[in-house]
Amino acid sequence: SAVISQKPSRDICQRGTSLTIQCQVDSQVTMMFWYRQQPGQSLTLIATANQGSEATYESGFVIDKFPISRPNLTFSTLTVSNMSPEDSSIYLCSVRQGPYEQYFGPGTRLTVT
Amino acid sequence: GEDVEQSLFLSVREGDSSVINCTYTDSSSTYLYWYKQEPGAGLQLLTYIFSNMDMKQDQRLTVLLNKKDKHLSLRIADTQTGDSAIYFCAESMDRKGFKTIFGAGTRLFVKA
């Protein structure tokens, strides 16, 4: 199984600022995903980030608010821009290995004050 | 439409079996998953089943799939306090680029 690390593990940020979350995988993967998990809620897919192409955003999420980079097959970043308290959430990086196995990082717990 | 539904809470005594149920709406789902999330942690892939299977067993875990009723269950035998966590059911469809849809999660409480 893929081993995924995320930085930072948690942060407290002021509204109006931006935070970039890093995701590192121990093996090369084609498909990477970014999810949001709001307190007590399930996971919501923000976008799919494939290397060499623009990220594909789900309904309700836009590139200006959540820009994503995917410079190679083992790394990706998600930026949460112009933050508001409603962005307080856990952000999870995920990768797919093979056709059916999907793994998750430990998450980044973001609090916006 | 895409929807995965689970009951929110389940409480069992240590040593008993736990059964967590899930229903999904998309009959073209290709793979169905169970994930475990412990407090403060990410999601751990517990097991998965292909849509052409009825059952899968892996140590204390048994997954049953009723494709006709679109019903998936996870049975944990001899439940331990370490099994206390949130369990997410999820479906993935190859016709949508393997996009994975998650249920709301079932919080399992194991009483000693």
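The values are calculated or read from the model by the stated rules, or taken from the named source; none is laboratory data. If you're wondering where the values come from, they're calculated on a predicted model, not measured in any experiment. A quick note on method: Cβ atoms are made from the backbone with ideal geometry, for glycine too, and the neighbour counts reach across all protein chains shown. Just the protein is used for accessible areas: all its heavy atoms, side chains included, with ligands, DNA and RNA removed. Shrake-Rupley method; radii C 1.70, N 1.55, O 1.52, S 1.80 Å.
May I ask you to list the residues in the stretch B:16-43 that are on the phi < 0 side of the Ramachandran plot and in a loop (DSSP other than H, G, I, E, B)?
Scanning the stretch B:16-43 gives B:Asp16, B:Ser17, B:Thr25, B:Asp26, B:Ser27, B:Ser28, B:Ser29, B:Thr30, B:Glu38, B:Pro39, B:Ala41, B:Gly42.
Which residues, counting only those in the stretch B:16-25, are open to solvent by less than 40 Å² (accessible area, probe 1.4 Å) and either modelled with pLDDT of 95 or more or under 19 Å from B:Thr79 (Cα atoms) (or both)?
B:Ser18, B:Ile20, B:Cys22
Yes/no matrix, rows are residues, columns are (1) under 14 Å from the mean Cα position of the chain (by Cα); (2) over 19 Å from A:Gln102 (Cα atoms):
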residue: B:Ile20; (1), (2): yes, yes
residue: B:Leu72; (1), (2): yes, no
residue: B:Thr81; (1), (2): no, yes
residue: B:Phe88; (1), (2): yes, no
residue: B:Leu108; (1), (2): yes, yes
residue: B:Lys111; (1), (2): no, yes
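Looking at B:Ser28, is it within 21 Å of A:Arg96 (Cα to Cα), in contact (Cβ under 8 Å) with a residue 60 or more places away in the chain and open to solvent by 40 Å² or more (accessible area, probe 1.4 Å)?
yes
For the stretch B:83-110, how many residues meet the condition of being of a type in the set (D, E, K, R), open to solvent by 30 Å² or more (accessible area, probe 1.4 Å) and modelled with pLDDT under 95?
4
Out of all the residues in the stretch B:59-82, is one or more open to solvent by less than 10 Å² (accessible area, probe 1.4 Å) and in contact with a helix residue (DSSP H, G or I) (Cβ under 7 Å, 6 or more places away or on another chain)?
Looking for residues that are open to solvent by less than 10 Å² (accessible area, probe 1.4 Å) and in contact with a helix residue (DSSP H, G or I) (Cβ under 7 Å, 6 or more places away or on another chain), one finds at least one in the stretch B:59-82, hence yes.
Looking at the structure I just gave you, is B:Tyr24 among the hydroxyl-bearing types (Ser, Thr, Tyr) and either under 25 Å from A:Val3 (Cα atoms) or more than 14 Å from the chain's Cα centre (by Cα) (or both)?
Judged against the criteria, B:Tyr24 is not a match.
Which one of these does B:Leu10 not meet: (1) touching a residue at least 24 places away in the same chain (Cβ under 8 Å); (2) open to solvent by 30 Å² or more (accessible area, probe 1.4 Å); (3) outside any strand (DSSP E or B)?
Unmet for B:Leu10, out of (1) touching a residue at least 24 places away in the same chain (Cβ under 8 Å); (2) open to solvent by 30 Å² or more (accessible area, probe 1.4 Å); (3) outside any strand (DSSP E or B): (3).
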